[in-house]
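Working notes, beginning with the structure itself.
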Amino acid sequence: MFITTTRLVAVGLMLVACSSSASPHTTPQETTAQDTPSQQRPQRSGPLTGGTADHAKFEVLQQAFESGPEVTEACLSCHTETGEHFMRNVHWTWDYVDPDTGQQLGKRHLINNFCTNARGNEGMCAQCHAGYGWKDEDFDFTDETRIDCLVCHDGTGTYYKTPNNEGHSACSVMFEDMAPLDLGEIARNVALPSRENCGTCHFNGGGGDNVKHGDLSTALIDPSHDLDVHMDAAGLNFSCTACHITKQHVWAGSRYKVVSRDTEGTGQPGERRDVATCESCHGLSPHPIDSIRAFKLNDHVSSVACQTCHIPEFARGGVATITDWDWRTAGRTRDGEGYHEHGYTQGNGEHRYTYKSIKGDFVYDEDIVPEYAWFDGQMHYTTIDTKFDDSQQPIEINGFDGSREDADSRIWPFKRMRTWMPYDAGNATLVYTHLWGVDDAAYWGNYDMGRAIARGMADFGLDYSGEFGFVETLSWWPITHMVAPKEDALACRDCHAAEGRLAGLEGVYLPGRDHSRWLDIIGIIAVGATLLGILIHALIRLFSKGEQH
């Protein structure tokens, strides 16, 4: 039985509680149980759908396991090469060097404008690391037994993870009284990764349900056709791996290396394993040529991302996303204790915090029209080593480039995230903030930002002027999930209008939005001349002599 909605929400909240106090070209195996509840139907996982073994019959799993690493050792006794393969992916390394820019990226190093930084806070943040026991810089990334197989393959809905070390009581209390895990039962009931497994971390990234991406939320656990045509639980029922195809435990698709314009399309025999693009399944001419309109739509593919038309809004399905975050207001207490306030009720009826002492103020929104821009797939990150001009705010945490003249660029939809966050005002750099822990410097316990920054920087030997302030930042998130039915896709008038969605887009002439006096005159003359020619031709035929006219 797959994870239920209630269970996943509970696990997701537990993971972030402290930080938040069928395609036409693929033919995966179809389910035959058409009348069973959608939660029970096997999700389609591309070429991996279906299994060849019943793990409940494996002798090595017929035991009571005392720890996760013991389960992993049992897994590796059969899956002998998996450990070596798995340790190459970013779910394990949290490390990535951009081959084009040379920048050191990955969650292990980057600063974000949500919970600021994972580095130094691994005790909490590494709950979403696909491993066991990462709590500081001494973690052994070469130890295969530290791989957490169950976080991706649990099929019982009972698996969960708690912080790798303690935090202050205001946070750690959230993880008390959890039901004990039966690791043997879970190991004997493993399954292919489902939306529920992936979503435990990816739906709850950034501090809560749908906080970060805007297009990844618990609404996708059991979504309707209107919310996402691919993950529709009663329809195609795709799991994440149906598009993010794996090869030796390395997943296609990454926010560090976005394929903004796919020029290859489908592979042979119809599926590629190196990308997770729309074109890899739907081809380079996705609209059947049955009209001039369809022909023109295919012509748009070269300059407009599929997502731009087919994801008209994000943060749909009743789950809101955070659009503004203000760390300047964090640290307020009542009688010396932190507190939180509910101030937003989202579409599904759930209440969201709009203030928390450990994080500050939040602004939520849902059913959001994206921002649109030319995008060449290359993000440029402001890292801990980047010096910037703090008079030129906002500072882009991850900016990007693109233009009409660039062959790799297309018009893409984005979520824009605005945050006031701490920085080193003396050196004009971002900072590592020590948030989680039981020591006196941990911000989620003492609410002293200066001490938390000093400790976070000192732990990694980084220069800190001792003077902190707050800087306005922006981050950009390409929108690629929550694909609406084709009948809900954008119409021509949504963009080709003076006040349309692309009103602010530069570098391209859009008929209907843009006007040129001489071009308009030439167009009117051309249309008029055409109509006049037709009229003259008709009159000649009408009044010409002969038996046929």
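Tabulated values for the structure
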quantity	calculated
Rounded Å value of the spacing that divides the Cα centres of the range 63-100 and the range 373-413	33 Å
Dipole of the range 381-430, positive end: most advanced residue of SER391, LEU430, TRP420 [Cβ charges, Cα centre]	TRP420
Tail weight of P(r) past 16 Å, computed on alpha-carbon pairs of the range 449-549, percent	80 percent
Shape box of the chain [Cα atoms, principal axes, largest first, Å]	102, 62, 45
By average C-beta atoms within 10 angstrom, highest first, the peptides 286-297, 108-119	108-119, 286-297
The range 433-516 - percent relative contact order, Cα under 8 Å, separation 6 or more	14 percent
Under-5 Å amide H pairs with VAL304, H placed in peptide plane, nonlocal only	ILE411
Candidate residues LEU236, LEU510: accessible-area rank, largest first, probe 1.4 Å	LEU236, LEU510
The chain, helix-only ellipticity at 222 nm - DSSP H runs n ≥ 4, -39,500 (n - 2.57), divided by all residues, nearest 500	-6000 deg cm²/dmol
Backbone HN-Hα couplings from phi across the range 418-426 [Karplus 6.51/-1.76/1.60, Hz, Gly and Pro as x]	10, 9, 8, 9, x, 8, 7, 5, x
Burial ranking of peptide ranges 390-399, 403-412, 157-166, 309-318 (average Cβ count within 10 Å, highest at the top)	309-318, 157-166, 403-412, 390-399
Carbon/sulfur fraction of accessible area - the chain, other protein chains in place, 1.4 Å, %	53 percent
Å² of accessible area per residue within the chain, as computed with a 1.4 Å probe and no ligands counted	48 Å²
The range 471-549, relative contact order in percent, only Cα pairs under 8 angstrom and at least six apart counted	14 percent
Quotient of C-alpha Rg and 2.2 N^0.38 Å, computed over the range 118-247	1.15
Shape box of the range 351-508 [Cα atoms, principal axes, largest first, Å]	58, 41, 23
Where trypsin sites (Lys or Arg not before Pro) fall in DSSP loop in the range 454-549, at most 16 other Cβ within 10 Å	LYS545
Euclidean distance of C-alpha centroids, the range 306-361 and the range 487-512, integer Å	30 Å
Stokes-Einstein D for the range 378-463, Kirkwood Rh over Cα pairs, 25 °C, 0.890 mPa s (µm²/s)	161 µm²/s
Amide proton proximity set for GLY131, modelled H, under 5 Å, gap of 5+	ASP148
Non-local Lys pairs in the chain, i.e. 8 or more apart or on different chains, that have alpha carbons under 24 Å apart	26
Positive-end extreme of charge dipole, the chain - chosen from SER516, VAL190, VAL369 (charges on Cβ)	SER516
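The values are calculated or read from the model by the stated rules, or taken from the named source; none is laboratory data. Not measured: the values here are computed from a predicted model. Here the Cβ is made from the backbone with ideal geometry for all residues, glycine too, and neighbour counts use every protein chain on show. What goes into the accessible areas is simple: the full protein's heavy atoms, side chains included, and nothing from ligands, DNA or RNA. Shrake-Rupley method; radii C 1.70, N 1.55, O 1.52, S 1.80 Å.
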